[in-house]
1. I want to confirm something. Restricting to region 206-243 and keeping residues that are among the charged types (D, E, K, R), surrounded by fewer than 18 Cβ atoms within 10 Å (Cβ to Cβ) and within 28 Å of the chain's Cα centre (by Cα), which single residue is farthest from residue 108 (Cα to Cα)?
2. Anything in region 353-394 that is surrounded by 19 or more Cβ atoms within 10 Å (Cβ to Cβ), part of a helix (DSSP H, G or I) and hydrophobic (A, V, I, L, M, F, W, C)? List them, or say none.
3. Might you let me know whether region 479-486 holds any residue that is open to solvent by 50 Å² or more (accessible area, probe 1.4 Å) and farther than 17 Å from residue 794 by Cα?
4. Given region 543-659, what strands (runs of 3 or more DSSP E) lie entirely inside it while holding 1 or more residues that are modelled with pLDDT of 95 or more and not hydrophobic (A, V, I, L, M, F, W, C)?
5. Could you tell me whether any residue of region 457-476 is touching a Cys at 6+ places or on another chain (Cβ under 8 Å) and open to solvent by 80 Å² or more (accessible area, probe 1.4 Å)?
6. Of the conditions (1) open to solvent by 10 Å² or more (accessible area, probe 1.4 Å); (2) part of a loop (DSSP other than H, G, I, E, B), residue 518 clears all except one; give me its number.
7. Take the residues of region 312-340 that are among the aliphatic types (A, V, I, L, M) and within 17 Å of residue 417 (Cα to Cα): which is most open to solvent (accessible area, probe 1.4 Å)?
8. Looking at region 278-291 only, could you name the residues that are buried (at least 23 other Cβ atoms within 10 Å of the Cβ) and outside any strand (DSSP E or B)?
Amino acid sequence: MNKVLSFQCLTPSFKFSLSSLSFSHHYHSPPRSFLRFSVRASSSSSRAMSSHIVGYPRMGPKRELKFALESFWDGKSSAEELKQVAANLRSAIWKQMADAGIQHIPSNTFSYYDQVLDTTAMLGAVPDRYKWNGGEIGFDIYFSMARGNASVPAMEMTKWFDTNYHFIVPELGPDVKFSYASHKAVDEYNEAKALGVNTVPVLVGPVSYLLLSKPAKGVEKSFSLLSLIDKILPVYKEVVTELKTAGATWIQFDEPTLVKDLDAHQLQAFNYAYAELESTLSGLNVLVETYFADVPAEAYKTLTSLKAVTAYGFDLVRGTKTLDLIKQGFPSGKLLFAGIVDGRNIWANNLESSLNTLKELGDIVGKEKVVVSTSCSLLHTAVDLVNETKLDQEIKSWLAFAAQKIVEVNALSKALSGQKDEVYFSSNAAALVSRKSSPRVTNEDVQKAAAALKGSDHRRVTSVSSRLDAQQKKLNLPSLPTTTIGSFPQTADLRRVRREFKAKKISEEDYIRFIKEEINNVVKIQEELDIDVLVHGEPERNDMVEYFGEQLSGFTFTANGWVQSYGSRCVKPPIIYGDVSRPKPMTVFWSSTAQSLTKRPMKGMLTGPVTILNWSFVRDDQPRFETCYQIALAIKDEVEDLEKAGITVIQIDEAALREGLPLRKSEESFYLNWAVHSFRITNCGVQDTTQIHTHMCYSNFNDIIHSIIDMDADVITIENSRSDEKLLSVFREGVKYGAGIGPGVYDIHSPRIPPTEEIADRINKMLAVLESNILWVNPDCGLKTRKYTEVKPALTNMVDAAKLIRKQLASSK
């Protein structure tokens, strides 16, 4: 008899039953080997072929970890209570995979914040400012590195390759003393083993770790991070030795940097590192996992020649060209972990097509050498369709979340071994036909409008300098104008009212009255702080993409389709299933309401087409740029309606433009051309006196600065402070920027309140490379996640700093 496990955490607010974490596939007949959180693993007879999951979402199907983290950070629960929630989630995940028939189940992919930060902790690579005194790294040091504290800022956070996940960037230099300071990998392996699940411990590979790092402050930018390889390998050896002693038979090293354009020296580092580890790895099966793109030919050659390695994992969804390399040669006796189930999207797998690919691979490397896997960690997809009780049934039949993808992996593995579940495969095929033929997917008018875009680059007629002059005459702003990025803190009361309105527990009249009061409060706060260009605070918005998607055709939404962005921050990406259009205005009412409350300029706030695209689960039946052009036309309609309503400053956020950049140089220009073009489409028809802003955050923008200039926005606000003002270096190197620009003056993802002097110092650094007549003063990003007790003093200091520098500039003249 199969028991359903149930756990209760130490605090009532975290009580949940792991039966709520149960999963199933929505096709009519799930594989018979599928058990629902059985205490025992499925029998070996159901495991004819090998299957593997690269990694799994950490937050829980109802964001249990998010709420536990935030409760702990707020001092409302203890470290032990947080650890109990985490242990319950890990246990559920491992047993979920075991009961589904997965053989290679990962451990150490769970994290309280980020897997790269976990590796930094494992290596004891704690920057000096956190005053770590050695020993096992605990929550105090760990979360200070991630979030900062009252006295020191957090470490830099940036995008994980081309995903919307963020990692904490290691800060390294020649004087870092590495030591084995976090035993998390071994502890979690033992934890799973005690539950009867023998897992594959996963480590960020040593070479990728160094390549993803940056020189610490005060270290020469030219410092070779790979020169530290001999200093970190002893720690890796200690970890591996402990895992072997604990009973591990497999180990997985994630080396995703192998998909990037690496030079000979960087590739040689892989040869060196794994040769050095070879004797320590003896007796273990070693998997090196790659993902997110094709592996270049030279990197493939390097990877498949590593003697210490037993198996190689490839993303065969985004890396289809890797198939050609495998066909040209694969090392004899090695295993191929074939990432055939998409870890980055939510569409049901085309099982028949995938099975044919797997058979083809089996013919090349030997069927017994093929292990069916996900293309990457399932961290980047939603958790479980079983929790989507209100989703349209036809659309639901087209989808597969993380829990369903586990079932797909196992079904493909069994089919490859000759145990094909014909009913399951037939149900999958019927869902694919339904999606392809559904009339709700296609809108001929939208397709014609998008096709008509060809032949124009959609630039505004007047130069940016002339437009800025016209705008200044109308807006009459002071030098170094102050503004914020858009959102203001979202209080518990505000979130409650939105929930109640959505659940139809309060009337539309009551909802509008409440939101108007909230906007009025935000306007008053900004006026009291003497901010120059205001925002309405976005109280009506749950998420900067979901809010728009809910009002556009071609989108659908989930109730619990949450995906981790960073730390406890989760997003719920919309699903774009069909052609996109705007049935009616989306923001005009609220922006007009806000503008009526003040004489100062009020920004209309929109999310740009590229960001909506990159932060959604996008249809895979047409090129991404075609979908992006459709969204651009919808946003263009909204921009022009805002202008007609008297809104003279309109911000079109493109926070995610950089993250969509392909990982290979040869593919970058094509993406940047259509992405920048999409942005220009949105505002090509406005008057010169209408000021167009855009905003970007948490990526490395220096390498695409010319494309940013080509966007032809009047003003860009851009993250700068958390990345240690790395953005400014591009201007020091001679890039001329003639539009308005506001590099962020403080990091909003930390609770720390920067003093006026610190912000003034930042502004002076900006003035060393930028003209005062184009410089704006603003935070790094929106204030949604902060508390008013943090926001008010921080903005006060920001405005005071701007006024201080204005006085200095005036006196110097």
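The values are calculated or read from the model by the stated rules, or taken from the named source; none is laboratory data. Nothing here was measured: the structure is a model prediction, and the numbers come from that model. Because the Cβ atoms are built from the backbone with ideal geometry, glycine has one as well, and the counts that use them run over all protein chains shown. Calculation scope for accessible area: heavy atoms of the full protein, side chains included, ligands and nucleic acids excluded. Shrake-Rupley method; radii C 1.70, N 1.55, O 1.52, S 1.80 Å.
1. Top of the filtered list is 221.
2. Listed by number, the residues that qualify are 355, 358, 361, 365, 378, 379, 385.
3. Within region 479-486, the subset open to solvent by 50 Å² or more (accessible area, probe 1.4 Å) is 479.
So of that shortlist, the ones also farther than 17 Å from residue 794 by Cα come out as 479.
Yes, the conditions are met somewhere in region 479-486.
4. Numbers: elements: 553-556, 563-566, 569-571, 575-581, 603-607, 649-653.
Those strands (runs of 3 or more DSSP E) span 553-556, 563-566, 575-581, 603-607, 649-653.
5. Just the residues of region 457-476 that are touching a Cys at 6+ places or on another chain (Cβ under 8 Å), to begin with: 458-460.
Pick out the ones that are also open to solvent by 80 Å² or more (accessible area, probe 1.4 Å) and you get 459.
Yes - at least one qualifying residue is present in region 457-476.
6. It fails just one condition, (2).
7. The first filter runs over region 312-340 and keeps only residues among the aliphatic types (A, V, I, L, M), leaving 316-317, 323, 325-326, 335-336, 338, 340.
From the residues that got through so far, the ones that are within 17 Å of residue 417 (Cα to Cα) too are 335-336, 338, 340.
Working: 335: 33, 336: 0, 338: 0, 340: 17 Å².
Per the criteria, the residue is 335.
8. Within region 278-291, 290, 291 meet the criteria.
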